[in-house]
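All of the numbers you see were taken from the coordinates with simple rules; none came from a lab. Quantities reported herein were computed from a predicted structural model and do not represent experimental measurements. Reconstructed Cβ throughout: ideal geometry from the backbone, glycine too, with neighbour counts over all protein chains shown.
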Amino acid sequence: MHYIVMDLEWNQAMSSKSSVFNKLPIHLRGEIIQIGAVKLDESFRPGEEFQIDVKPVYFKRMHYKVKKLTGFDRERLAKGVSFPEALEQFRAWCGNDEVTFLTWGCDDQGIMEQNIIIHDLDWDWIAGWVNLQLIYNLQTDSDRTQKSLATAMEHFEIEQTRIAHDALGDAYNTALVCTHMDMAQGLADYATAAQKLSSRAPKATYNADGPIPIEHVSSDCYPTKAEAFADKEFIRPVCPHCQSEMEYAKWVNQGDQRYMAMATCPEHGKMLVRLKFHKADIDQWSVTRMTYEATESMESYYKAKASHSRRRSRGKGKRRNKSAASQSA
């Protein structure tokens, strides 16, 4: 058994309603455009490295958000190899022993498995997956909320020497984070890590400035607010505690480029999700998303705003009808 830190970069469809989905047997969340990996030695220190660019066959047009994040363009992708060839090279590099992949978060596993399925390839050679965020949270006295790789690097005072949002760069930086954790103990505790984190006493939800979000995330830029709302992975996040899908009520406009919605996790109950849009450039919007454990007062405030929004919409409809009636008279 040996451990390999892996990171992926992937392109996505230009729209959730793209016609390409009609040709696919599954709803492909992302098509891999780069694989980066670092082998860990027996002391869990970074060793041999691997990186390869992959030419997409389904999402051929670079999504503006992915292009801005990764720096990839059509010309670079055209020089990549096919995914089956890239996976063959990657598998050969991994070696014949059983492989467990270490990733920062759980998205890479889902994307890799979807891409393997879509190309009808095998994954029997993969022994397992480990979400390093759980080990980090367990060993830093944190909770179950997702922490960015940048947050972990800052916590351990690791200097950024590799490019971010580059598969090998992120894999290498993740490997450096591993050197600051007790990986042997973390892997031993991994099977029960989620349960242990869930049983921890909740942190304070209020301070002098008001309620404290259990998750605070900023997005990349979008050309319009409509495009931002179409990014379901960011706008409708999973539960910060258990990563389960949540059921969302409608978004309510609070004014001043702010929106809110009530969300419900089957296990952890109601939460309030708030969005704050910022004009990043003339034609660019960024979004800050904050998720709170919903209190009765938050729920009442949301219902009042939603009710006011409905009355205002009905009022506009009545005025339009009266105007049309007067014109016809």
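General observations
- For segment 231-303: rounded, prolate or oblate by the Cα gyration tensor [a/c cutoff 1.5]: oblate
- Exposed trypsin sites (Lys or Arg not before Pro) absent: longest stretch of the chain, with sites in DSSP loops and at most 15 other Cβ within 10 Å deemed exposed: 80-161
- Isolated Cys residues of the chain, judged by Cβ distance under 4.7 Å to other cysteines: Cys94, Cys106, Cys178, Cys221, Cys242
- Taking Val99, Val57 and counting other C-beta atoms within 10 Å, the order from fewest to most: Val57, Val99
- Computed over segment 206-310: relative contact order in percent, which uses C-alpha pairs under 8 Å that are six or more apart: 30 percent
- Compared with the alpha-carbon gap, the fully stretched path from Lys79 to Glu296 is longer by 72.6 nm at 0.36 nm per residue.
- On full extension, the segment bounded by Ile212 and Gln284 gains 23.1 nm, given 0.36 nm per residue less the C-alpha separation.
- Residue among Ser82, Phe59, Ile32 farthest towards the positive dipole end of segment 32-102, charges placed on Cβ: Phe59
- Cα gyration tensor shape for the chain, rounded if a/c is under 1.5, else prolate or oblate: oblate
- Shape category assigned to segment 1-82 from the gyration tensor of Cα positions, a/c cut at 1.5: prolate
- Paramagnetic label reach from Cys242 (point 7 Å along Cα→Cβ; backbone nitrogen cut-off under 20 Å): within segment 256-278, residues 262-273.
- Only DSSP H runs of four or more residues enter the estimate; each adds -39500 (n - 2.57), and after division by the residues of the chain the mean residue ellipticity at 222 nm equals -10500 deg cm²/dmol.
- A simple spin-label model places the labels of Asp97 and Ala249 5.4 nm from each other, with each point 7 Å out along Cα-to-Cβ.
- Which of Phe277, Asn253, Ala230, positive extreme of dipole for segment 206-310 (C-beta unit charges): Asn253
- Directionally averaged projected area (convex hull, Cα atoms, segment 2-198), nm²: 11.4 nm²
- Nitroxide proxy distance, nm - points 7 Å out along Cα→Cβ at Arg61 and Met1: 4.6 nm
- A straight chain from Asp189 to His308 at 0.36 nm per residue would run longer than the Cα-Cα distance by 37.9 nm.
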